[in-house]
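FYI, it's all coordinate maths here, none of it is from the lab. Predicted, not measured: the structure shown is a model, and the values here were computed from it. Note: ideal-geometry Cβ built from the backbone for every residue, glycine included; neighbour counts use all protein chains shown.
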Amino acid sequence: MGARDPHHHPLDFLTNPERFMAFSRWAAPMFGAIAAVLAVVGLVLTFAAPEDYQQGDTVRMMFIHVPAAVICMFIYLCLGVASFLALVFRHALADAAAVACAPLGAAFTVLALATGSLWGKPMWGTWWVWDARLTSVLVLLLFYLGYLALRSALEDEQKAARAAAILALVGVINLPIIKFSVEWWNSLHQGSSTLFAKPGDALPAVYAWPMLIMTLAYLSAFGSLWLVRIRSQVWRRKARALALQQAEG
Amino acid sequence: MHFDFDAGKYAVYVWPAFALTAAAFVWMIADSLASARRWRREAERLQALKEVSKEAKR
């Protein structure tokens, strides 16, 4: 048995680029496989669930809309934490993690808005309404797009990273606004029917299970794709450093 | 287990929602993998060039 390295930190596999690449090499496909299995089980339960007595077959959209809405907020939280670590500790891998999750967050937000709109038309009679929940999620999408635009607009990569990180941190304020919007303001959107549901509002098991499993599938898929995109960022930075070395002769 | 794929009058809303979700996942997977592959190849190409020029200098 070798002596334990006194400088070895338990989170080295996330903060040291080489260890991260070794960790993510097996972790990314593992999360991808878990996501695929969960998605199959979730879809089986989705189409085995009975029609809702009020919403009919549109209830099945809940199993793809709610997970997208939950995950797009979770990804923004990841973006905020990674941006904070990059801004305060100037950690390159944290910055790579931040830039890697933004396009995924934007895609999940578009999904949440689009599937919500397709659910809203038959249930509310309208595709869109400027109510607090819908508007605050639209603002979330604008924060994601603003972050991506800022990163690509400035030529100096460090300046772009710093400006985008500050924007990402400002946007974190929007997360509690989205969460509590249905309680703070009158809204067409329903309140929580899962973890924070009021007594009597909780989903029956036949709907709660597919939603939970699909949420875990989305979460695993995000985990896998996030790792792949961080790996991409590490290679991109390595390529950039090598190109600079070559240019300098 | 009984599966219900007949969304009746709501099919026009339900199926596009599922199709859109599938399309978004296909894009996310394809874009992530393509980008990773592109940068990995570029980094490997530049690394090989660096090795070659190092050898040439010797």
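Just so you know, the Cα atoms of the protein assembly as shown work out to an Rg and Dmax of 22.2, 80 Å. The count of lysine pairs in the protein assembly as shown whose Cα atoms are under 22 Å apart, excluding pairs fewer than 8 places apart on the same chain, comes to 5. For chain B, the Cα gyration tensor yields ellipsoid semi-axes of 52, 10, 4 Å (square root of five times each eigenvalue, largest first, whole Å).
Sum -39500 (n - 2.57) across every DSSP H segment of at least 4 residues in chain B, then divide by the residue count to get the 222 nm mean residue ellipticity, nearest 500. Don't skip to the end; give the middle numbers.
Values: 1 runs with 47 residues, N = 58.
After summing the helix terms and dividing by residue count, I get -30500 deg cm²/dmol.
Placing R0 at 25 angstrom, the Cβ-Cβ distance between A:Ala163 and A:Thr15 gives a FRET efficiency of 0.60 after rounding to 0.05. Per residue of peptide A:224-232, the mean number of Cβ atoms on other chains within 10 Å of the residue Cβ is 5.
Counting only trypsin sites (Lys or Arg not before Pro) that are in a DSSP loop and have at most 12 other C-beta atoms within 10 Å, tell me the longest site-free stretch of chain A.
Working: sites that count: A:Arg4, A:Arg90.
Segment A:91-249 is the longest.
Checking every one of the chymotrypsin sites (Phe, Trp or Tyr not before Pro) in segment A:48-117 against DSSP loop status and a limit of 11 other Cβ atoms within 10 Å picks out A:Tyr53.
Among A:101-107, B:32-38, sorting by the average number of other beta carbon atoms lying within 10 angstrom of each residue, highest first, gives A:101-107, B:32-38. Please label the shape of segment A:36-136 as rounded, prolate or oblate, based on the square roots a ≥ b ≥ c of the eigenvalues of the alpha-carbon gyration tensor (a/c under 1.5 means rounded; beyond that, a/b larger than b/c means prolate, else oblate). Because a/c hits 1.5 or more and a/b fails to exceed b/c, segment A:36-136 counts as oblate.
Would you mind getting me the FRET efficiency between A:Ser187 and B:Lys9? Use the beta-carbon distance for r and R0 = 25 Å, nearest 0.05. Show your work: numbers first, answer last.
Values: r = 26 Å, r/R0 = 1.05.
The value I calculate is 0.45.
Overall shape of segment A:122-249 was characterised from the C-alpha gyration tensor. The equivalent ellipsoid obtained from it has semi-axes of 40, 20, 12 Å, in decreasing order.
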